[in-house]
1. What dipole magnitude, in Debye to the nearest 20, does the chain give about its Cα centre under +1 on Lys/Arg Cβ and -1 on Asp/Glu Cβ?
2. Could you estimate the translational diffusion coefficient of the range 21-93 from the Stokes-Einstein equation, with Rh from the Kirkwood formula over C-alpha pairs, at 25 °C and 0.890 mPa s, in whole µm²/s?
3. What's the center-to-center distance, using Cα atoms, between the range 64-84 and the range 107-124 in Å?
4. Which lysines, if any, have their Cα less than 30 Å from the Cα of Lys43, not counting same-chain residues under 8 positions apart?
5. Do any trypsin sites (Lys or Arg not before Pro) in the range 1-57 lie in a DSSP loop with no more than 14 other beta carbon atoms within 10 Å, and if so, which?
6. Please list, by residue number, every one of the trypsin sites (Lys or Arg not before Pro) in the range 60-124 that is coil in DSSP and has at most 11 other beta-carbon atoms within 10 Å.
7. Could you pull out the GluC sites (Glu not before Pro) across the range 41-124 that fall in loop regions by DSSP (anything but H, G, I, E, B) with no more than 16 other Cβ atoms inside 10 Å?
8. If we count every other residue with Cβ under 10 angstrom of Gly33's Cβ, Lys/Arg +1 and Asp/Glu -1, where does the sum land?
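Just so you know, all these numbers are worked out from the coordinates, no wet-lab data involved. Not measured: the values here are computed from a predicted model. Positions of Cβ are generated from backbone atoms using ideal geometry, with glycine treated the same way; all protein chains shown enter the neighbour counts.
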Amino acid sequence: QVQLVESGGGLVQAGGSLRLSCAASGRTFSNYGMGWFRQAPGKEREFVAAIKWSGKRTDYADSVKGRFTISRDNTKNTLYLQMNSLKPDDTAVYYCAVARGGGSSFNYLDYEYWGQGTQVTVSS
């Protein structure tokens, strides 16, 4: 059974940093793209960042470019999201996901497996 478990969320002041982790189990994900999405109250789920299976290509939403960094450790089946210079607008539930293929995609329809989410709250 495939399982994705996010951790690292919490409450932080504006300008602070958090590092999210997503531990994958149930299969080997080294051949698949992975991504982070987020959903704020009353809003649709939105793309944050994605990474190719090899880690050699990454893509970011314009709203987080230059502040967030996505990375992966295929030996540990783990995905990361380093979030710096956090803003109140970053407040949301953050979800990790595994793509159907090996590429990096911003489209949530390209993702097959999802975690349960971790809450990130940024206070002003």
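1. 300
2. 190
3. 13
4. Within reach: Lys52, Lys65, Lys87.
5. Answer in residue order: Arg27, Lys43, Lys56, Arg57.
6. Taking the range 60-124 and a limit of 11 other Cβ atoms within 10 Å, the loop trypsin sites (Lys or Arg not before Pro) found are Lys65, Lys76.
7. Passing both the DSSP loop test and the Cβ count: Glu44.
8. Result for the local shell: +2.
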